[in-house]
Amino acid sequence: MPTLLCTLTYLGLISSCGPEKPFSGGFEYRNSTRDELYIVGLSRFKNPMASQGPGRLGARGKAAMALQPMYFPPESVLTWKDARGVEKRQTLWSQGSLELVKNKALVLEYTSEKRWKVFFEKIDYL
């Protein structure tokens, strides 16, 4: 029994030292513009719902998702379509440049400058 416990502890330490970190699974997309957007995908998340995003995001709208805990990738690219249907991409974070904050939702906000801003925030309804 002690050998099994040591093995499980060791495996837990190894898995938490990798490039991906545990994440609570809360997402909120915010659109601060007067344009409707369509979220095409968020790369490197293994959960299909996380990688698809909410789809349509209305003008000045919000969309939230409370998913199961998952691993947070070291980098990610968001793909979306603007009001004219033109597909665009933006790297949101790269190789750990965004520090994971446990028990807070990942917020992806499309700003009036037409760029995505990413941060963590406590959101009560998630």
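The values are calculated or read from the model by the stated rules, or taken from the named source; none is laboratory data. The model shown is predicted, which means the values in this text are computed figures rather than measured ones. Cβ coordinates were reconstructed from backbone atoms using ideal geometry, including for glycine residues, and neighbour counts include every protein chain displayed.
Below is a table of values for the structure above.
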read-out	value
Among (1) surrounded by 12 or more Cβ atoms within 10 Å (Cβ to Cβ); (2) at pLDDT below 95, the one test that Thr111 misses	(2)
Complete set of residues in segment 25-44 that are in a loop (DSSP other than H, G, I, E, B) and either at pLDDT below 95 or of a type in the set (Lys, Arg) (or both)	Gly25, Arg34, Arg44
Those residues of segment 49-81 which are surrounded by 14 or more Cβ atoms within 10 Å (Cβ to Cβ), of a type in the set (A, V, I, L, M, F, W, C) and either assigned to a strand (DSSP E or B) or over 10 Å from the mean Cα position of the chain (by Cα) (or both), in sequence order	Met49, Leu57, Ala63, Ala64, Met65, Leu67, Met70, Phe72, Val77, Leu78, Trp80
Selection count, segment 85-95, where residues are under 19 Å from Arg56 (Cα atoms), in a strand (DSSP E or B) and of a type in the set (Val, Ile, Thr)	0
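Residues checked against (1) more than 17 Å from Met65 (Cβ to Cβ); (2) touching a residue at least 24 places away in the same chain (Cβ under 8 Å):
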position: Glu87; (1), (2): yes, yes
position: Ser94; (1), (2): yes, no
position: Ser97; (1), (2): yes, no
position: Lys102; (1), (2): yes, yes
position: Lys117; (1), (2): yes, no
position: Phe120; (1), (2): no, no
position: Leu126; (1), (2): no, yes
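Yes or no, residue by residue, for (1) of a type outside the set (Lys, Arg); (2) assigned to a loop (DSSP other than H, G, I, E, B); (3) over 12 Å from the mean Cα position of the chain (by Cα):
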{"residue": "Ala83", "(1), (2), (3)": "yes, yes, yes"}
{"residue": "Ser97", "(1), (2), (3)": "yes, yes, yes"}
{"residue": "Lys102", "(1), (2), (3)": "no, yes, yes"}
{"residue": "Leu106", "(1), (2), (3)": "yes, no, no"}
{"residue": "Glu109", "(1), (2), (3)": "yes, no, no"}
{"residue": "Phe120", "(1), (2), (3)": "yes, no, no"}
